[in-house]
Each structure stands twice: as C-alpha cells, then as structure tokens.
1. Return the total of residues in the stretch 1-45 being among the small types (Gly, Ala, Ser), surrounded by fewer than 24 Cβ atoms within 10 Å (Cβ to Cβ) and at pLDDT below 75.
2. Based on what the data block shows, is SER68 surrounded by fewer than 23 Cβ atoms within 10 Å (Cβ to Cβ), at pLDDT 75 or above and not acidic (Asp, Glu)?
3. Does the stretch 437-460 include one or more residues that are under 20 Å from PHE221 (Cβ atoms), out of contact with any strand residue (DSSP E or B) (no Cβ under 8 Å at 6 or more places or on another chain), crowded, with 19+ Cβ neighbours inside 10 Å and in contact (Cβ under 8 Å) with a residue 60 or more places away in the chain?
4. Give the stretch 357-376 a look and list any residue that's modelled with pLDDT under 80 and either of a type in the set (Asp, Glu) or over 22 Å from the mean Cα position of the chain (by Cα) (or both), or say none.
5. In the stretch 184-206, how many residues are touching a helix residue (DSSP H, G or I) at 6+ places or on another chain (Cβ under 7 Å) and buried (at least 18 other Cβ atoms within 10 Å of the Cβ)?
6. Mind checking which residues of the stretch 401-450 are farther than 30 Å from GLY145 by Cα and β-branched (Val, Ile, Thr)?
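The values are calculated or read from the model by the stated rules, or taken from the named source; none is laboratory data. Because the structure is predicted, anything quoted here is derived from the model rather than measured. Because the Cβ atoms are built from the backbone with ideal geometry, glycine has one as well, and the counts that use them run over all protein chains shown.
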Amino acid sequence: MDVLSNLAHGFTVAVQPLNLLVAFIGCFFGTVIGALPGIGPVNGIAILIPLAFSLDLSPVSALILLTSVYYGTMFGGRIASILLNIPGDAAAVMTCIDGYPMARKGRAADALATSAISSFFGGTLATVGLTILAPTLALAAIYFGPREYFALYVMAIVVIGGVASGNPAKTLIAGLLGLTIGTVGIDAGSGVPRFTFGAYELYEGIDFVIVAIGLFAISEFLMFIEQRRNGAVEQFPVGTRTTALRKLTYPGTSLRSGLLGFVVGVLPGAGATLASFLGYMLEKRVMNKNDTFGKGDPRGVAAPEAADNAAAGGSLVPMLTLGVPGSGTTAIMLGMLITLNVQPGPLLFERQPEIVWGLVAALYVSNIILLILNIPLVGIFARLLTVPTHYLMPGIVVVSFLGVYSMNQSAFDLILMVGFGAFGYVLRKLGVPLVPVILGIILGSPMEQSLRRALTASGGDVMTLFESPLAVALHIVTACFIAIAVVREVRRRMDGTAAPREAEID
C-alpha cells in the first residue's frame, strides 16, 4: 500500500504542466537524436544538460527531462538500424539483424511499429520493476563482482554463434577480431600504447561508432557498387503502411526479453548493449524453430528493443538506490543530480521522495508519450525507402561521413571509417558475420577491466575466476552453448545439409 500511495503522490508531481512539457520535449528531441547515427543516449543527454540549467528547472523537472531524453534515444536508435542498416548506437546493433531484412522486404513500417510497441512494453516493464523491486534488486546487484562480470562477458562473446548467422568457427573468429580491435589504445594498467603504430589519434582507442558505420554502412555501399557493376541492383519494395497493430505485438517476446533486459540493466556496468544481445540470443534459442531469425522475423526486432529499453529503466535502480551509475548515461545523470544538490542512495527515498516517485511516475508518462509520438510517424519514416537506391546509397554515405566527422572534427576518423568499410566488405565476401566483430569491440574493454580487477584482488591467481559459484554457473552455461553449437554443426555436416549460409542478410 505504501508503494501505491507513493506512486500516486509521484503522479501528482509528474502531471504538473511544466513536467509534462519537459517530458514531451525530452521524448521528442531524444527520438530525433537517437535516429542520428553516432550520437546515442550519452551524447544526447550531454547536449541537453545546458538546456536543463538554462531553464532553471527544479531537480525533479531536470531529472524528468534527462530521463525522457534517455528513453527517447532508445526509441529513436531503431530508425536508422531498420531503414539504413546503420546502428544509431551500440544497443541498436541487434535490431539491424532482422529489422533491415524486414525493410528490404517492404515491411519497414511494420518493423518500426513492432519496435515502438516492444520498446513501450520493455520500458513500462522496467518502470514497474523500478516501482516494486528497486531496493531488493539493488542489493542483489552487489553480489556481481569482477569475476562474475568477466564470466558474463565471456559467455556473451562465446555464444555469439547463436546470435549471428554462419558456422561457429567463423563467428568465434569474428568475435576475436572484435576483441583484438578493442585492445587498440593506451593500456589502462601500464600506460603503454598498444597497436597504435605511432598514431596519437589511436591513443584513446577506436570509437565504436567509427567501426559500426564503417562495417555496416560503408561496406553496404561497396556491395551496392559491386552489384551495380554486375547489373544486379534491386530497388527496395516500399511498405509505408502497417498491418493491424495486434499482429505486430509480441507479448511473449517482449515479456521474456524485457525481464532479462531489466535484470541486466540493474547490474552496474552491464547496460542496454549487453541486454539487447542477450535478449536477441534468448529469443532466437526459444523461438527460432523454422530458422527465420536473421531473415526478417519481427520477433528479432521485438526482442532486442524490449530488452534494451528495459535495461535503460533497470540502470536507474543502482543510480537511485546505491548512488552507483548503471551505465555511462546514468553516470552523466548522477553527476547532474549531485550538481543539483541531490545525493542518490538509500536515504533518497526517505529524504526526498517527491524526486524519486515523481521520476518513476514520469517514466510511465514518457513511455506513453513516446508510443503516441512514434506510431503515427512510422509511415513517414518508411517513406525514406521510396528514394531510388542510386540516390539513397550515396546519401547514406554522406550522412555517415558527416556523423563521424562531427564527433571529433578529425579527418583521421574518416580514414578509419573507410578502412573499416573495406574490411567489412572483405569479411562479407568471405562469409564472416559482422555482428560478432561489433560485440567483441563493445565488450572487450569492460571484459579486460573485469579480468584485471579480479586478478589484482587475488594477487594474480587465475583460479579466482572459478571460485565464485555464480561465475562457475555462468562458465557452465558458456560450455553448454559451445557443446550445442559444435554438436549441431557436426550433425549438419554428417547429414550433408551444411550448406553455406550468408553472414549478412542482403
């Protein structure tokens, strides 16, 4: 009853005209920012922080604005992924796998609507979890230390064979390539540059956005040039109207992926990116009976979208209850709160309940606003595909160059992007999937940091990685996935059905 009364009090704060206005502004600009490749939620919030100060907002209004932007960018990140095969941010990579094939089949509007509905389910589920289970889940997250995180990242890297198309050997090779690329830069432990070849631009590592846009967008353009030369270019069929919304709603998928995403989001440092990968992997294992995933299955869009939006809400749990940011985005929000003289932690619920419960209520409102904003716009977004391919593809390249250059105003970044585009083209011709490369780059740095911390705490004893029951359980799950992948591949070869499979869906 206390929860319901607190939530009712929160709604009295959330529905105040000013808070409704800032929620709408945050949702709108968040969606627009999320749709632009290379910006993402962290940069989106950073961009709008000056607006929060210039408007002289109260702490609760400022927090509502930033969380609305956060949720909006998670919604908007799907647009470029589905229409252009360019991930808006790291968490949107998995949406490309089935979203882009749906667009190429003339179901762009359906893919966008499915994504919006699943994002709404995931975000709402996370908000319900935040309402009911926040303190309990925050305490449970304490049990995840460096050993457990390392085991979790190893599992994510190893089981990519169940995420990307292709045989296990090629997917593991792709994952290792990603891990290798992720080591470029100054070693955090020793301060020694690694694989920089004297280029100071590489000292801070290679930005994920450069790699993602190069591997996906530029390699797609190179494939287009090859097809045009061979006279095999095809114009996308256009679908600007959605089918019945009830046919685009997948409650089972959204529930499974949303629950998983929320739990992953609660873990400090895990974030929406890992949640989207795990959500897609889980749904593919459960529902891919007819081998439709990766070929335009709507559930392949619903799963990562529900998971990453649920993780976005889950990452607020450790920030509010423990004062520990659950992601890079919540780290910025935490700094904003401290600047506003609000100290997150266990006592926040007692000392300033209007901030906590006003925010929770505003999250419900923001999800509804985002759904209302996005569903009517899917036809407008889908009309982008009515542009002839020979105009659309060069336009994508121009947007890619502008997006990468706008990050650091560096010509070196453009050279890197083109280089990764050529690299991605070669990988696609060799049948090596690109998604595991991205996963390796994204998870490589936190995986290495977790390993360092675990070994430092144990004095260099490698066996410490197997002394935690939770870490051992995760290693066992990883071993099971490896065994399943190997047995399945052996059976396919023995049956003579191991036909080559495309690494990317064209």
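1. Residues meeting the conditions: 1.
2. no
3. yes
4. Result: PRO376, single match.
5. The qualifying residues number 2.
6. VAL404, ILE415, VAL418, VAL426, VAL432
Residues are listed down the side, and each one gets a yes or a no for (1) modelled with pLDDT of 75 or more; (2) of a type in the set (Val, Ile, Thr); (3) surrounded by fewer than 24 Cβ atoms within 10 Å (Cβ to Cβ); (4) within 20 Å of GLY34 (Cα to Cα):
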{"residue": "GLY265", "(1), (2), (3), (4)": "yes, no, no, yes"}
{"residue": "THR292", "(1), (2), (3), (4)": "yes, yes, yes, no"}
{"residue": "ALA303", "(1), (2), (3), (4)": "yes, no, no, yes"}
{"residue": "GLY326", "(1), (2), (3), (4)": "no, no, no, yes"}
{"residue": "THR339", "(1), (2), (3), (4)": "no, yes, yes, no"}
{"residue": "GLN343", "(1), (2), (3), (4)": "no, no, yes, no"}
